[in-house]
1. Fully extended, how many nm does the chain gain between residue 33 and residue 245 (0.36 nm per residue separation, minus their Cα-Cα distance)?
2. Taking every DSSP beta bridge that has both residues in the chain, what percent is antiparallel when rounded to the nearest 5?
3. Please report how far the C-alpha centroid of the stretch 57-122 lies from that of the stretch 131-146, rounded to the nearest whole angstrom.
4. Can you give the angle from 0 to 90° between the axis of helix 215-227 and the longest principal axis of the chain, with both taken from C-alpha atoms, to the nearest 10?
5. Can you tell me the orientation of helix 69-79 relative to the chain, as the angle in degrees between its alpha-carbon axis and the longest Cα principal axis, to the nearest 10?
6. Between residue 196 and residue 146, what is the label-point separation in nm under the 7 Å Cα-to-beta-carbon projection?
7. Per 0.36 nm of contour for each residue apart, how much would the distance between residue 81 and residue 60 grow if the chain were fully extended, relative to their Cα-Cα spacing?
8. Go ahead and run the numbers for FRET between residue 230 and residue 73, Cβ-Cβ distance against an R0 of 30 Å, rounding to 0.05.
Ligand SMILES: NC(=O)c1ccc[n+]([C@@H]2O[C@H](COP(=O)([O-])OP(=O)(O)OC[C@H]3O[C@@H](n4cnc5c(N)ncnc54)[C@H](OP(=O)(O)O)[C@@H]3O)[C@@H](O)[C@H]2O)c1
């Protein structure tokens with residue numbers, strides 16, 4: 001038997017925080033396809049129920065606000081032991097120049113993406129089994145900011161640093177991150193659909209790949225990081241070449 005993903009992930013417990021849509025749901029589907037037992041978590045029970053209709057029978061789901069340490073602690077009490085944790089939770093994002101920046105909304109985004117990841121690592125660490133991993137999610141804007149992305153870019157850089165620090169702190173648990181470029185998900189749901197399509201097509205046309213990403217493209221990277229037993233403290237960029245243009 002070779003070391004293929006099916007052999008590595010079969011029967012493993014994979015928990016995806018933010019796993020009811022976008023990157024998280026794609027990672028959960030890919031892990032389940034490789035034989036893992038998947039649990040998805042997000043704040044909205046209806047979205048959890050919808051995700052469970054897509055995932056194989058036996059998958060589990062919990063409605064939890066990942067901005068709340070109390071709820072996160074309770075979640076890991078209920079889940080018990082697990083092998084791989086993936087964190088993709090994120091609320092709707094708005095690009096804004098500095099004068100127009102809504103500080104309270106920006107703080108809430110940081111609370112979920114950065115502090116949510118810190119709190120999840122804190123409470124999951126004691127239930128991750130030997131050979132397990134944590135995979136966070138960051139964005140290419142952290143390495144290459146654009147106008148109108150001050151907080152988004154700074155937050156991504158913070159998650160990059162958090163990934164390396166957690167890899168040292170929690171070893172031998174491996175900690176890595178997937179760094180996403182622009183991917184077609186619900187993330188920009190605050191935009192009108194027509195505006196979103198224009199945005200995707202404009203961004204896509206400037207990328208080396210000529211198009212924005214699909215969540216399935218990113219799922220490959222999450223699986224690699226779960227399975228790669230010699231990889232820790234790393235950030236894998238899947239961005240259609242955005243850092244080069
Ligand atoms: N898509 C991109 O272009 C892109 C680019 C760079 C980085 N990223 C990052 O990748 C991550 C995933 O984004 P995505 O595109 O997959 O977005 P998405 O499709 O909107 O998924 C976000 C997930 O987070 C959950 N969530 C939101 N607020 C939550 C809360 N308070 N507690 C628990 N779960 C919560 C959502 O479910 P509920 O609504 O049910 O809570 C959903 O499952 C985000 O951090 C995003 O910033 C995305």
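What follows draws every value from the coordinates through simple rules; no lab data is involved. For clarity, every value in this text was computed on a predicted model and none was experimentally measured. FYI the Cβ positions are ideal-geometry reconstructions off the backbone, even for glycines, and counts take in every protein chain you see.
1. Working: separation 212, 0.36 × 212 = 76.32 nm, distance 3.44 nm.
Length gained between residue 33 and residue 245: 72.9 nm.
2. Values: 0 of 29 bridges.
Antiparallel bridges: around 0 percent, rounded to the nearest 5.
3. Value for the Cα centre distance between the two parts: 14 Å.
4. Result, in degrees: 40.
5. So the inclination is approximately 40 degrees.
6. For residue 146 paired with residue 196, the spin-label model returns 1.7 nm.
7. Numbers: separation 21, 0.36 × 21 = 7.56 nm, distance 1.39 nm.
Taking residue 81 through residue 60 to full extension adds about 6.2 nm, to one decimal.
8. On the way: r = 31 Å, r/R0 = 1.05.
So, using R0 = 30 Å, E works out to roughly 0.45.
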